[in-house]
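Here, each number is a calculation from the coordinates, and none is a lab measurement. Just so it is clear, the model here is predicted, and its values are computed rather than measured. Cβ placement follows ideal geometry from the backbone for every residue including glycine, while neighbour counts extend to all protein chains displayed.
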Amino acid sequence: MQRLMCKSKVHRATVTQAELQYAGSLTLDKTLMDAADLIDYEQVSVVNVNNGQRFETYLIPGERNSGVVCLNGPAARLGQEGDIIIIMSYALYDEKELKNFRPKMIYVNDKNKIVNKKRK
């Protein structure tokens, strides 16, 4: 049997931009993507802490160490600059893999700089 598990999370990132007139997605600082084991165009779930909105989109890499977290296209209607979001990715794991499984949890400050990395 396989189970769908939270693979990684960027916790409490601050939205830096919202670009409605952009083909949809979420632009994320490449440093955060690497730390959370996220790749270009990977599907993610996003939760907006400020307004409760939840949505799925895909990632596009932003400039490394820029702190960019930009809601693009329709996602720009679900948040605004300054909102706090949680970005989560999921993967399928079989029972054998789950014995040592721990998701990557990346915690950031209000400038989207990493303050802690944990494997829960």
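Distance between the C-alpha centres of region 60-120 and region 29-55: 4 Å, rounded to the whole angstrom. Summarising the amide proton neighbourhood of residue 22: residues at separation of 5 or more, or on other chains, whose placed amide H is nearer than 5 Å comprise 73. Its relative contact order, with pairs defined as Cα atoms under 8 Å and 6+ residues apart, puts region 2-93 at 50 percent. Amide hydrogen proximity for residue 81: with H placed 1.01 Å from N in the peptide plane, the residues at 5 or more positions away or on another chain lying under 5 Å are 18. Packing, taken as the mean count of other beta carbons within 10 Å per residue, orders the peptides 85-92, 59-66 from highest to lowest as 85-92, 59-66. Kindly work out what percent of the DSSP beta bridges joining two residues of the chain are antiparallel, to the nearest 5. Just about 70 percent of them are antiparallel. Taking amide H as placed 1.01 Å from N in the peptide plane, residue 108 has its amide H under 5 Å from the amide H of 11, 115, each at least 5 places away in sequence or on another chain. Measuring r between the beta carbons of residue 19 and residue 107 and using R0 = 22 Å, the FRET efficiency lands at 0.30.
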